[in-house]
Amino acid sequence: REMLNNLNDPYTRFLDPKEFNQMRIDTSGELTGVGIQILKDSDSGFLVIISPIEGSPASDSGIQAKDKIISIDKISTKNLDIEEAVKLIRGKKGTKVNLEILRGGDIFNKTLIRKKIEIKSVTSKINSSKKGLLIGYLRLKQFNANASKDLRKVILDYETKNVSGYILDL
């Protein structure tokens, strides 16, 4: 860990077997939790929601991107690392987790019931150009176990619709 920390690269880290298994869950394409993507705010030390996953308990409850998580089940998230936070947020399907949220200057609580969440790695739509050409827009939101299969499915569907070109948004 210390050797890799000296690289000062936020994308390089050592994973022990437990952490590696957790990463495998993260990239499997489904998880049991509330459906939020989080990052650590280096200024405040709290967790910030990047985005709620569409159709998840977090999304359905009104949690928004840029909300800060102040506590998870009354455990402060200040200086809590992401892996520890994820362990607190995830859990058995049907169980509850309480998040204390800061939005703007308001603090409020959200009690969410964990559920199995399938992570949709690809969103897409067909647009028309000014000249009437059909252009397929494909957004790859996450590289996970389902990403290539989902992307292939959309492209094959677009081929039957005579799409002239594609925009691939990574």
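Highest mobility in the GNM of the chain, judged by mean-square fluctuation with C-alpha springs under 10 Å and restricted to ILE119, ILE101, ILE155, is found for ILE155.
Return one quarter of the surface area of the convex hull spanned by the alpha-carbon atoms of the stretch 77-135, equal to its mean projected area, in nm².
On the way: hull surface 30.8 nm².
Computing the convex hull of the Cα atoms and averaging its projections yields 7.7 nm².
What's the ranking of 123-133, 3-13, 35-45 by average number of surrounding C-beta atoms within 10 Å, highest first?
Order by mean packing, descending: 35-45, 123-133, 3-13.
Per residue, the chain exposes 67 Å² of solvent-accessible protein surface, assessed with a 1.4 angstrom probe and all protein chains in place.
Could you tell me which of the pairs LYS66/LYS161; LYS18/LYS110; LYS68/LYS92; LYS93/LYS125; LYS66/LYS120; LYS66/LYS149 are separated by over 26 angstrom between their Cα atoms in the structure shown?
Numbers: LYS66/LYS161 37 Å; LYS18/LYS110 29 Å; LYS68/LYS92 24 Å; LYS93/LYS125 32 Å; LYS66/LYS120 21 Å; LYS66/LYS149 31 Å.
Listed pairs above 26 Å: LYS66/LYS161; LYS18/LYS110; LYS93/LYS125; LYS66/LYS149.
Here the calculated FRET efficiency for MET3 and LEU170, from their Cβ-Cβ distance with R0 = 35 Å, stands at 0.70, rounded to the nearest 0.05. Across every direction, the projection of the convex hull enclosing the Cα atoms of the stretch 1-81 has a mean area of 6.5 nm². For the stretch 77-118, a crude dipole built from +1 on the beta carbon of Lys and Arg and -1 on the beta carbon of Asp and Glu, taken about the Cα centre, is about 360 debye to the nearest 20.
Dipole orientation for the chain: of the candidates VAL48, ILE63, PRO10, ILE63 has the Cα lying most toward the positive pole (charges on Cβ; Lys, Arg +1; Asp, Glu -1). Net charge dipole, the stretch 44-154: roughly 560 debye, given to the nearest 20, about the Cα centre with Cβ charges of +1 for Lys and Arg and -1 for Asp and Glu.
Summary of the geometry: the stretch 67-84 and the stretch 103-170, compared by the centres of their Cα atoms, lie 29 Å apart.
Per residue, the convex hull around the alpha carbon atoms of the chain comes to 163 Å³. Considering only the Cα atoms of the stretch 113-170, their convex hull presents on average a projected area of 5.0 nm². Using a 1.4 Å probe on the protein heavy atoms, what percent of the accessible area of the stretch 87-161 belongs to carbon and sulfur? The nonpolar share, carbon plus sulfur, comes to 53 percent. As I understand it, the value is the acute angle between the Cα axis of helix 147-160 and the longest principal axis of the Cα atoms of the chain; what does it come to in degrees, rounded to 10? So the inclination is approximately 20 degrees.
The values are calculated or read from the model by the stated rules, or taken from the named source; none is laboratory data. Quantities reported herein were computed from a predicted structural model and do not represent experimental measurements. Note: ideal-geometry Cβ built from the backbone for every residue, glycine included; neighbour counts use all protein chains shown. Heavy atoms of the whole protein, side chains included, go into the accessibility calculation; ligands, DNA and RNA do not. Shrake-Rupley method; radii C 1.70, N 1.55, O 1.52, S 1.80 Å.
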